[in-house]
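What follows is one structure encoded as structure tokens, with my remarks underneath.
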Amino acid sequence: QNYLDNFWPDLKAAHELFDSIVQARRERESESQENHGKEYPEHLPVEVLEAGIKSGRYLQGTLNVNKHRAQLEAFVRLQGLGSKDSG
């Protein structure tokens, strides 16, 4: 802000862009505080997921995504199963 004020006081577009960036950052920080620092809100509470995994209702695994074809290729490797048992 100081740089723009001191060196480019008449460049209205730059000041508007800076204000827009500051506002977007503030909104993101307030959303982050609402979500307790998590970027994305949880779908289910941790307790429900843990109980579901223990009861066998849910399966726990690791998502592997092809970095070159991320929208087309991915698979989940289930924990506790051999490497051949992926789906």
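Computing FRET efficiency as 1/(1 + (r/R0)^6) for Leu17 and Val65, where r is the C-beta to C-beta distance and R0 is 25 Å, gives about 0.15. Counting only protein chain heavy atoms and rolling a 1.4 Å probe, the accessible areas of Arg28, Arg57, Arg69 rank, largest first, as Arg57, Arg28, Arg69. Applying 0.36 nm per residue to the separation of Gln79 and Arg28 and subtracting their alpha-carbon distance, the gain on full extension is 14.9 nm.
The values are calculated or read from the model by the stated rules, or taken from the named source; none is laboratory data. Quantities reported herein were computed from a predicted structural model and do not represent experimental measurements. Neighbour counts run over all protein chains shown; Cβ positions are idealised from the backbone, glycine included. Heavy atoms of the whole protein, side chains included, go into the accessibility calculation; ligands, DNA and RNA do not. Shrake-Rupley method; radii C 1.70, N 1.55, O 1.52, S 1.80 Å.
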